[in-house]
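Some notes on the structure that comes next.
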Amino acid sequence: MRSRVIFGCSGPVLMPEERNFFRDVQPWGFILFSRNVVDKSQLVRLVSALRDVIADPRAPVLIDQEGGRVARLNPPIWANRPPAATLGRLHEVSHDVACEAVYLNARLIAADLAELGINVNCTPVLDLPVAGSHDVIGDRAFGGDSALVVELGRIVIDGMLEGGVLPVMKHIPGHGRAAADSHLALPRVTVAADILSATDFVPFRCLNHCPLAMTAHVVYEAIDAERPATTSPRVIRRVIRGEIGFEGLLMSDDISMKALSGSLSARAKGTLFAGCDVVLHCSGNMEEMKEVAAEAKSMEGIEFERAERALARLQAPAAFDQERASRRLTELLGSQA
């Protein structure tokens, strides 16, 4: 049985110790970062090696390829893709222009990933930034209007799926109000629950059909004043599974981030106890991974069903002319001027 964990690896080649560890632990999936990337042929080999070691040709291999400042595949090998905010501002030019550009951008990113064998992309960002919030989200979001984010987020989800890549909506139930970077500190949101329900939660509720979602390491004091969403049974059961109605596979954000406290084993245990289906650990540090693996029990029951439903959404990429799409996207982006 596979374990309820997604791990990173240390570099561009799978090391013997990693190979043995992953074979024993059988993680549900893997996640890639810039440290794992040299060129296309190397990355194809690494993705294949990761799947081979757990003997699963459809094993999830994730990446954060949002566009803008959050991109693991970069020039000169891969094209620059615009951040979400750039695409959101196109809506001021034309509704149709914005929708077409978002679709083409999603399909182009999916095509880049599918060529490498990467089948999960941690996008779209559905957070709604507000004035005074930390810029850790910033231009990664389409904007602060929930209707805009729902419309463009839906297009990203559809474009990724049509391109043979599973999307991951993040950071559920909303990171946009955070006044701190959860990589470095624990953000606390103090607004009332009814305000959150009418604003921050809306994109996730409207797009709750997305196959995968990633939690926010954020405390929502009106719901649970002690625990961030990732480790809060109350937030996950009442809000994410309840009010938002998300029935897909729920993964944590990286549990190494400083928003969480305690040992890594305690973080992993707390995350799974709270109701996350899968723990995400990104660093590739072997000692840390061993600590996390000790708490990442076998995937069975409802979390197994959710994982299987998510993987069942994978399909062969639909026909798509990348060169034509790239030229058209450049033209659409130029219309913003």
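The values are calculated or read from the model by the stated rules, or taken from the named source; none is laboratory data. Values in this document were obtained by computation on a predicted structure and should not be read as measured data. As a convention, Cβ positions derive from the backbone with ideal geometry for all residues, glycine included, and neighbour counts pool all protein chains shown.
The figures follow:
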item: Conditions (1) more than 21 Å from Met299 (Cβ to Cβ); (2) among the basic types (Lys, Arg); (3) touching a residue at least 60 places away in the same chain (Cβ under 8 Å); number of the one not met by Arg58; result: (1)
item: Checklist (1) over 20 Å from the mean Cα position of the chain (by Cα); (2) surrounded by fewer than 17 Cβ atoms within 10 Å (Cβ to Cβ); (3) within 24 Å of Asn119 (Cβ to Cβ) applied to Arg328, failing item; result: (3)
item: Output for the range 22-75, where each listed residue is within 16 Å of the chain's Cα centre (by Cα), over 15 Å from Val165 (Cα atoms) and not β-branched (Val, Ile, Thr); result: Trp28, Phe33, Ser34, Gly67, Gly68, Arg69, Ala71, Arg72, Leu73
item: Residue check for Asp112: in a helix (DSSP H, G or I), within 21 Å of Asn208 (Cβ to Cβ), of a type outside the set (Phe, Trp, Tyr) and touching a Phe, Trp or Tyr at 6+ places or on another chain (Cβ under 8 Å); result: no
item: Residue list for the range 167-198, restricted to those being within 30 Å of Ala319 (Cα to Cα) and in contact with a Leu (Cβ under 6 Å, 6 or more places away or on another chain); result: Val168, Met169
item: Residue in the range 55-64 that is β-branched (Val, Ile, Thr) and surrounded by fewer than 18 Cβ atoms within 10 Å (Cβ to Cβ) present; result: no
item: Long-range neighbours under 7 Å by Cβ, at least six apart or interchain, first residue touching a residue at least 40 places away in the same chain (Cβ under 8 Å) within the range 265-280, second of a type in the set (S, T, N, Q) and in a strand (DSSP E or B); result: Thr271/Ser252; Cys276/Thr215; Cys276/Ser252; Val279/Ser252; Leu280/Ser252
item: Exclusive hit being among the basic types (Lys, Arg) and closer than 24 Å to Asp253 by Cα, set Arg45, Arg107, Arg35, Arg89; result: Arg35
item: Evaluation of Ala310 against (1) within 22 Å of Leu32 (Cα to Cα); (2) in a loop (DSSP other than H, G, I, E, B) (one fails), failing number; result: (2)
item: Filter result for the condition that a residue is surrounded by fewer than 17 Cβ atoms within 10 Å (Cβ to Cβ) and modelled with pLDDT under 95, over Ala312, Ala266, Ala337; result: Ala337
item: Leu152 closer than 24 Å to Ser48 by Cα, part of a helix (DSSP H, G or I) and touching a residue at least 60 places away in the same chain (Cβ under 8 Å); result: no
item: Residue list for the range 196-237, restricted to those being β-branched (Val, Ile, Thr) and either more than 26 Å from Ile155 (Cα to Cα) or modelled with pLDDT under 95 (or both); result: Val218, Val219, Ile223, Thr230, Thr231, Val235
item: Which listed residue, of Pro124, Pro82, is at pLDDT 95 or above and in contact with a Cys (Cβ under 9 Å, 6 or more places away or on another chain); result: Pro124
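Conditions tested, residue by residue: (1) over 30 Å from Val130 (Cα atoms); (2) exposed (fewer than 15 other Cβ atoms within 10 Å of the Cβ); (3) touching a residue at least 40 places away in the same chain (Cβ under 8 Å).
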site: Gln26; (1), (2), (3): yes, no, no
site: Lys40; (1), (2), (3): yes, yes, yes
site: Val44; (1), (2), (3): yes, yes, yes
site: Arg51; (1), (2), (3): yes, no, yes
site: Gly68; (1), (2), (3): no, no, yes
site: Ile77; (1), (2), (3): yes, yes, no
site: Thr86; (1), (2), (3): no, no, yes
site: Arg89; (1), (2), (3): no, no, yes
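To keep it simple, each residue is scored yes or no on (1) under 23 Å from Arg313 (Cα atoms); (2) part of a loop (DSSP other than H, G, I, E, B); (3) among the charged types (D, E, K, R).
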residue	(1), (2), (3)
His209	yes, yes, no
Asp224	no, yes, yes
Arg237	no, no, yes
Arg241	yes, no, yes
Met257	no, yes, no
